[in-house]
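Working notes for the structure below.
The values are calculated or read from the model by the stated rules, or taken from the named source; none is laboratory data. Bear in mind the structure is a predicted one, so any value in this text is a computation, not a measurement. Quick reminder, even Gly has a Cβ in these numbers, built from the backbone with ideal geometry, and neighbours come from all protein chains shown. Protein only, heavy atoms only, side chains kept; ligands, DNA and RNA dropped before computing areas. Shrake-Rupley method; radii C 1.70, N 1.55, O 1.52, S 1.80 Å.
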Amino acid sequence: MVTRFGGIQRIKWLGRQSYAAPFLAPGQFPVRIAAGAQEDGVAARDLVVSPGDSMLLGGMLVLAKNPVKGVTIRQTRPESCVYDVQLDLGTHDCVVAEGCWSESHADAPGQRAQFHNAAEYDALYPDIPPPEALILCAPRPESGPLLEAALRPTTDIATRRAEQIGASATDFDPGSTGVETSTVSGSEIFWRIFLKKRPLA
């Protein structure tokens, strides 16, 4: 698989989680990135990711939940079940998902145990100890000027899109959560790269 920083890498393991929609809090709803939300043609098609996953924007890792504004990037209440499939490359990196750079699994103390198939990894790699700390492939600002600079292009696109559709200030609030109350049909797939190249329902 082609990665942003490490060149061609093999997929070491796929971590899987699934959740029934009624047990998800609004902050855990999948994040839908609309086609063209980051720049012209990026994403190539609508992309759905976990709110805790990071996208590489302007050289910075940005949690998918940070640019949610309710126009081009929004959280949508799932109808039934959500599935989270994480790519483990052995080291943290970014891969292309619908033209966007999206992070691979970022291992940290206790992180892997959250996957429903964690025992599978332990059986495959019994001699690999758990990490002592989280090591990321790029900076991931939580707030401040670096985060604002990384988010500016997507915010500008959302503003223009809102103006094009005639959205009012209540429809597009740069500080809003962007959580929709409507549901999406079918199951949401968080990772749709080479393994899941199907349009969402």
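Any chance region 52-59 includes a residue that's touching a residue at least 40 places away in the same chain (Cβ under 8 Å), in a strand (DSSP E or B), of a type in the set (Ser, Thr, Tyr) and within 15 Å of Glu79 (Cα to Cα)? Looking for residues that are touching a residue at least 40 places away in the same chain (Cβ under 8 Å), in a strand (DSSP E or B), of a type in the set (Ser, Thr, Tyr) and within 15 Å of Glu79 (Cα to Cα), one finds none in region 52-59, hence no. On the basis of being more than 20 Å from Arg152 (Cα to Cα) and either in contact with a helix residue (DSSP H, G or I) (Cβ under 8 Å, 6 or more places away or on another chain) or open to solvent by 40 Å² or more (accessible area, probe 1.4 Å) (or both), does Pro51 make the cut? Here the answer is no, as Pro51 does not meet what is asked. Anything in region 57-83 that is under 21 Å from Asp40 (Cβ atoms) and open to solvent by 30 Å² or more (accessible area, probe 1.4 Å)? List them, or say none. If the condition is that a residue be under 21 Å from Asp40 (Cβ atoms) and open to solvent by 30 Å² or more (accessible area, probe 1.4 Å), then Gly58, Gly59, Met60, Lys69, Arg74 are the ones that fit.
When only residues in region 1-15 that are over 19 Å from His116 (Cβ atoms) and either modelled with pLDDT of 95 or more or among the aromatic types (Phe, Trp, Tyr) (or both) count, which is most open to solvent (accessible area, probe 1.4 Å)? Among those residues, the one meeting the criterion is Arg10.
Going through region 27-51 one residue at a time, which ones are under 15 Å from Cys81 (Cα atoms) and either at pLDDT below 90 or not in a strand (DSSP E or B) (or both)? Residues satisfying the conditions are Gln28, Phe29, Pro30, Ser50.
Evaluation of Asp53 against the conditions (1) closer than 17 Å to Leu136 by Cα; (2) over 16 Å from the mean Cα position of the chain (by Cα); (3) among the acidic types (Asp, Glu) shows that the sole unmet condition is (2). Only residues that are loosely packed, with under 14 Cβ neighbours inside 10 Å and of a type in the set (Asp, Glu) were counted in region 84-140, giving 3.
Would you be able to say whether some residue in region 5-14 is hydrophobic (A, V, I, L, M, F, W, C) and in a loop (DSSP other than H, G, I, E, B)? Looking through region 5-14, at least one residue is hydrophobic (A, V, I, L, M, F, W, C) and in a loop (DSSP other than H, G, I, E, B). The residues in region 60-80 that are assigned to a loop (DSSP other than H, G, I, E, B) and closer than 21 Å to Pro145 by Cα can be counted, and the count is 6.
Tallying residues that are open to solvent by less than 50 Å² (accessible area, probe 1.4 Å) and within 13 Å of Thr154 (Cα to Cα) within region 21-43 yields 9.
All of (1) in a loop (DSSP other than H, G, I, E, B); (2) open to solvent by 40 Å² or more (accessible area, probe 1.4 Å); (3) under 23 Å from Ala113 (Cβ atoms) hold for Ser18 with one exception: (1). Quick check, is Val71 in contact (Cβ under 8 Å) with a residue 60 or more places away in the chain, out of contact with any Ser or Thr (no Cβ under 7 Å at 6 or more places or on another chain), under 24 Å from Ala21 (Cα atoms) and of a type in the set (Val, Ile, Thr)? Yes.
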